[in-house]
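**Student:** To start, I am sharing the structure in question, which I have written as structure tokens.
The values are calculated or read from the model by the stated rules, or taken from the named source; none is laboratory data. Since the model is a prediction, treat every value here as computed from it, not as a measurement. Virtual Cβ from ideal backbone geometry, glycine too; neighbours counted across all protein chains shown.
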Amino acid sequence: MNIVIPDDVIRTAKISEAELKLEIAILLFQQKKIGTGKARQLAG
């Protein structure tokens, strides 16, 4: 699945694409929705 996040949202949040992927991976891991392997894969 691909998710499209508009560039202006990323600019407004003052975060890079890589940082956003990391934040999502951390959030999903903390919520026990994914394990460490999937979090690592998502974060790149």
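**Student:** Which of (1) modelled with pLDDT under 95; (2) exposed (fewer than 13 other Cβ atoms within 10 Å of the Cβ) does Ile10 not meet, given it meets every other one?
**Tutor:** Single failed check for Ile10: (2).
**Student:** Modelled with pLDDT of 95 or more and surrounded by 14 or more Cβ atoms within 10 Å (Cβ to Cβ): is that true of Ile24 in this structure?
**Tutor:** Considered against the rule, which asks whether it is modelled with pLDDT of 95 or more and surrounded by 14 or more Cβ atoms within 10 Å (Cβ to Cβ), Ile24 comes out as yes.
**Student:** Return a yes/no flag: does the stretch 28-36 have any residue that is surrounded by 10 or more Cβ atoms within 10 Å (Cβ to Cβ), touching a helix residue (DSSP H, G or I) at 6+ places or on another chain (Cβ under 6 Å) and β-branched (Val, Ile, Thr).
**Tutor:** Taking every residue of the stretch 28-36 in turn, at least one turns out to be surrounded by 10 or more Cβ atoms within 10 Å (Cβ to Cβ), touching a helix residue (DSSP H, G or I) at 6+ places or on another chain (Cβ under 6 Å) and β-branched (Val, Ile, Thr).
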